[in-house]
Amino acid sequence: MAKQTRDAEFTEFVAARAPWLRKVAYLLCGDWHRADDLVQESVTKLYVRWSRLSRLENLDGYARTVLVNTFLAEQRSPWGRWAARRRTGAVPEPAAAGTDLDLSVDLRRALAALPPRQRATVVLRHYCDLTVEQTAAALGCSTGNVKSQTSRGLDALRRSLGQQDRQHRTDLPNLRDLRPAVPVEGAAS
């Protein structure tokens, strides 16, 4: 009976958070199919540890950390390097109504061009809306590393999007517009 309760709790958690995890995974890897694979692998890792994890205070933060670490581990593997070289400019799935599709495609393309650690820090800071400290904890690095990686990532996005005029700085398209409507536990308020 305890296993059924545990499985029901896990199923409820995954059903509630899978769309959000999938969006984060997509922003990290830039491919919906790979995002699904990343989420599936992360969910499997969570299930194996679920009996201990269900008592955690910030389960969403832990799930996000598992997802990011799974992505980064894939990028370091020979398969990840091979897949990165073979990647083509596939047509992205349609964005939500009311968004500037050209800008959305450009932003996704620029985000995909960032190195994995920069992409992870930008996504965690500007999509997941984590603080520097929360991002450092999720990535297992120092706050200074998060700040420098985020700064470099944003500079690269600005250059890629043709927004180099520092005097009359135009903000980047807001990744927060892609956030889920339901607040995610562990995100900065």
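The values are calculated or read from the model by the stated rules, or taken from the named source; none is laboratory data. Note that this is a predicted model, so its numbers are computed, not measured. Backbone-built Cβ (ideal geometry, glycine too); neighbour counts: all protein chains shown. The area values use the complete protein model at the heavy-atom level, side chains included, leaving out ligands, DNA and RNA. Shrake-Rupley method; radii C 1.70, N 1.55, O 1.52, S 1.80 Å.
Selection of the stretch 142-160 for residues being touching a helix residue (DSSP H, G or I) at 6+ places or on another chain (Cβ under 8 Å) and open to solvent by less than 40 Å² (accessible area, probe 1.4 Å) yields Val146, Gln149, Thr150, Gly153, Leu154, Ala156, Leu157. Filtering the stretch 125-135 to residues that are open to solvent by less than 10 Å² (accessible area, probe 1.4 Å) and at pLDDT 90 or above leaves only Thr135.
Scanning the stretch 94-124 for residues that are modelled with pLDDT of 70 or more, part of a loop (DSSP other than H, G, I, E, B) and either aliphatic (A, V, I, L, M) or touching a Leu at 6+ places or on another chain (Cβ under 7 Å) (or both) turns up just one, Leu114.
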